[in-house]
Amino acid sequence: MAFTLPALPYAPDALEPHIDAQTMQIHHGKHHQAYVDNLNKAIAGTPHENKSLEELVKAAGTISPAVRNNGGGHWNHSFFWELLAPNAGGQPTGALAAAINDVFGSFESFKEKFNTAGATRFGSGWAWLIINNGTLQITSTPNQDNPLMDVAEVKGTPILGVDVWEHAYYLKYQNRRPEYMNAIWNVINWEKVAENFTKAAK
Ligand code: MN3
């Protein structure tokens, strides 16, 4: 069964002024759509065409570069859109907040380390908060890789991921990736991150 582009869970301009509408339209409608289309092309007529997206991603290194790049692109963006929301931001609460304080000392210190992971990822990639062996950990991946992949240097279950490709911020922030990384905290949907945390911690 062919994969399809999931609808954005909010209007493209809903994350203004932090993420602009044109960036969202191009990012979702063009970039993410292209990952979906190219993934479908890469698996059509192969033994992989009936596998789930997660199965493809987890075995990406043994399938093909096209599945690794486009399957990763589809998984990562589908995950990312759900992590953003209008009227969001602020700080996590409950068990997630406690775990963050435990591991990173404070929410501010967590944010700083996460921003550094994003800012120092050379070229294109993603910054992640994952659960690895039951513990929160910050990591980053190149291109459209993610920590679920067999090829990931640091493996785990992502609970938060931020796209640091230039296409995620260039129209509004140009080359100022750290400024984008700061702004994105205003639209992080902590309820969704907490949901991912609860699921991954089971
Ligand atoms: Mn992207």
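The values are calculated or read from the model by the stated rules, or taken from the named source; none is laboratory data. The structure presented is a predicted model; accordingly, all values stated were derived computationally and were not measured. In this analysis, Cβ positions are derived from the backbone assuming ideal geometry, glycine residues included, and neighbour counts consider all displayed protein chains. Surface accessibility is based on the protein's heavy atoms, side chains included, excluding ligands, DNA and RNA. Shrake-Rupley method; radii C 1.70, N 1.55, O 1.52, S 1.80 Å.
Residues that are closer than 19 Å to Asp163 by Cβ and open to solvent by 40 Å² or more (accessible area, probe 1.4 Å) were ranked within the stretch 59-74; the one that is nearest to the ligand (Cβ to nearest atom) is Asn69.
With respect to the conditions (1) surrounded by fewer than 17 Cβ atoms within 10 Å (Cβ to Cβ); (2) more than 13 Å from the ligand (Cβ to nearest atom), Ser78 lacks only one, and its number is (2).
Looking across Met181, Met149, one residue alone is crowded, with 19+ Cβ neighbours inside 10 Å, out of contact with any Asp or Glu (no Cβ under 8 Å at 6 or more places or on another chain), assigned to a loop (DSSP other than H, G, I, E, B) and not polar (S, T, N, Q). It is Met149.
Within the stretch 25-58, the set of residues being touching a residue at least 60 places away in the same chain (Cβ under 8 Å) and either more than 16 Å from the ligand (Cβ to nearest atom) or outside any helix (DSSP H, G or I) (or both) comprises Glu54, Lys58. Of all residues in the stretch 155-164, one or more are buried (at least 21 other Cβ atoms within 10 Å of the Cβ), of a type in the set (Gly, Ala, Ser) and more than 15 Å from the ligand (Cβ to nearest atom).
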